[in-house]
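Q: Could you have a look at this structure, given as structure tokens, before my questions?
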Amino acid sequence: MSTRLRSAALALILLLVLPEVVAACPVCFDPREENRLAFIATTAFLSLLPLGMVAGAGLWLRRRVRTLDAQELDRMNGGSEGPDESVS
């Protein structure tokens, strides 16, 4: 019997004999409603946070490109210089 097959058989036996050991976490199966709601809210927040950060970076980059394009267009048309290049 190969080592890989033995490991798989042992894991299956442990799953069948000790199901409490393989539970994802104690919070997931907590009978108290308050703890379950906190777990679900935290999961949703941590799932959406990276998406919000990427969207925010994309919006910032879009706005920055538009600002730089507008400044370049003003310079090409002979308009007044942008706020970054003005001399007081």
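No lab work stands behind these numbers, since they all come straight from the coordinates. All of these numbers come straight from a predicted model, not from anything done at the bench. Cβ coordinates were reconstructed from backbone atoms using ideal geometry, including for glycine residues, and neighbour counts include every protein chain displayed.
Q: Each label point is 7 Å from the Cα along the Cα-to-Cβ direction; what then is the distance between the points at ARG36 and ARG62, in nm?
A: 3.9 nm
Q: Let me ask another. Hey, got the Cα dimensions of segment 32-79 along the principal axes, in Å, largest first?
A: Computed over the Cα atoms, the extents are 69, 12, 5 Å.
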